[in-house]
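Comments concern the structure below.
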Amino acid sequence: MLRWLGVNLCRLLLSVVFLFSGMAKLNDPLGTQYKIEDYASAMGLGSLLPAPLPLCASVLLGAVEFCLGVYLFFSIHRRRTLWLVLALLLFFTPLTLWTAIANPVSDCGCFGDALVLTNWQTFWKNVVLLAAWYVAWRYRCRMTRFITERNQWLVSLYSWAFAFAFALLNLHGLPLIDFRPYHIGADIYEKMSLGDEAAQYETTFLLEKNGVTKEFTLDDYPDSTWNFVDSRTTLKHAGAELPEIHDLVITSIDENREVTDELLADSGWKFVLVSPHLTAADDGVMDHIAAIHDYCQEYGYAFLGLTASGDEDIERWRDATGAEYPFYRVDAIPLKTMVRSNPGLLLLKGSVVANKWPSTKLPREEQLTAPLDELPLAHPQLRGFLQRVLRIVLWYVLPLLVLTLADRLWVQWKLRKLHTFSNHNN
């Protein structure tokens, strides 16, 4: 009895962790892509990876973890599943030990933004999972099945189809559940103000002139003969607690000064075009962006762009789109956090995120026919967190419950038929 209880508890622990990890990645494939790119850069492999590889790896890893979690829960394909689980744990445990010691990235990203663990917490989590794996492997024959071997292929096929469909849905739009601090309804200024006021940050700029590259701060920013290369925001002094948004520094391109508070203090409506890198932005939405800008000019709303791109890329974007709105420079990391799309669009009311759109779902001209106060798109009806979780669960679980119930009924019918046949022969 104790062995049965122990192996099934370990099996369920592994199942829950893999399901949660897989769903977090499938909910936000781009976030996992950025984390994979961070790891690759820390190992000096960033320039060697083909462009689509990190995103493909993100989706595949999420699907594999999710399906392994399902297999463990239903106790199907036991031997193969446990070997695959071990392979993943043997890969990630040394990797997380290295990240815990060397600290090349701030967190592992194994659960996305849904649950942020420190590198040491991630390592010890993997150690616990290895121990649970050993118990599950040692007594795998005592695992309780929830579906017959005859129909386990249906659970497997349905799980893989659901995983890839869910990932594609979130890639086409935005993550169904937004765990980031820039979610709709968030007050950016308030989230920047949380924590210890003693925390200090510094933005540095990498500039190039005559083949010479140097790093500057806002205090010693040179003249316009230097060309922008890159920028980054670092924590100089950490207090006891960090605010949720601690790396957002908006800098004016023309005057080379920080204007974060100035822009957020404006209580009016404003559309914010977000593009970490303009050279990689979807240029198929230029007409929609131009229509939104024209709408802003007609009704007197602000429209601005945030990017980490250099001056030449900004000028090329303006030449290609005829953009007349101002651009401000922000580090690429907070821009990627704001909206998982390039470009993406935020609608702010003061410093509150009223709505946000990926490039695939930008507001159309026919939707912009009145002041924002009168438009539904400025006042979206938000589902609560539990409602969104329930929606995802029902997408997957309801059909699976029907399948499991049908399987149980089929087993009972076969047993009854066998019993009737046995009695008849006797």
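Computed quantities for the displayed model
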| quantity | calculated |
| --- | --- |
| Answer residue from region 279-304, given it is free of Cβ contacts under 8 Å to residues at least 40 places away in the same chain and of a type in the set (A, V, I, L, M) and is nearest to VAL353 (Cα to Cα) among those | ALA302 |
| Unique residue being under 19 Å from the mean Cα position of the chain (by Cα) and either farther than 17 Å from LYS270 by Cβ or touching a residue at least 40 places away in the same chain (Cβ under 8 Å) (or both) when the list is PRO376, PRO358, PRO363 | PRO358 |
| Enumeration of residues in region 322-357 that are among the β-branched types (Val, Ile, Thr) and in contact with a His (Cβ under 9 Å, 6 or more places away or on another chain) | VAL353 |
| The one condition in (1) at negative phi; (2) surrounded by fewer than 13 Cβ atoms within 10 Å (Cβ to Cβ); (3) in a loop (DSSP other than H, G, I, E, B); (4) at pLDDT 90 or above that GLY185 fails to fulfil | (1) |
| Exclusive hit being surrounded by 16 or more Cβ atoms within 10 Å (Cβ to Cβ), more than 20 Å from the chain's Cα centre (by Cα) and in a helix (DSSP H, G or I), set ALA100, ALA63 | ALA100 |
| Counted residues, region 115-130 - those being surrounded by 16 or more Cβ atoms within 10 Å (Cβ to Cβ) and in contact (Cβ under 8 Å) with a residue 60 or more places away in the chain | 2 |
| Cβ pairs under 7 Å, 6+ apart, first in region 311-322 and within 18 Å of ASN342 (Cβ to Cβ), second outside any helix (DSSP H, G or I) | ILE314/THR307; ILE314/PHE327; TRP317/ALA323 |
| Any pair with Cβ under 9 angstrom, 6 or more apart, that starts in region 10-26 at a residue that is within 16 Å of TYR134 (Cβ to Cβ) and ends at one that is surrounded by fewer than 23 Cβ atoms within 10 Å (Cβ to Cβ) and basic (Lys, Arg) | ARG11/ARG140; VAL17/LYS125 |
| Some residue of region 20-34 being among the charged types (D, E, K, R) and crowded, with 22+ Cβ neighbours inside 10 Å | yes |
| Residues (in contact with a Ser or Thr (Cβ under 8 Å, 6 or more places away or on another chain) and surrounded by 14 or more Cβ atoms within 10 Å (Cβ to Cβ)) located in region 131-154 | MET143, PHE146, ILE147 |
| Lone unmet requirement of (1) touching a residue at least 12 places away in the same chain (Cβ under 8 Å); (2) among the aliphatic types (A, V, I, L, M); (3) within 17 Å of SER21 (Cα to Cα) for ALA136 | (3) |
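The values are calculated or read from the model by the stated rules, or taken from the named source; none is laboratory data. Note that the structure is predicted; figures quoted are calculated from it, not measured. Glycine also receives a Cβ, built like all others from the backbone with ideal geometry; neighbour counts cover every protein chain displayed.
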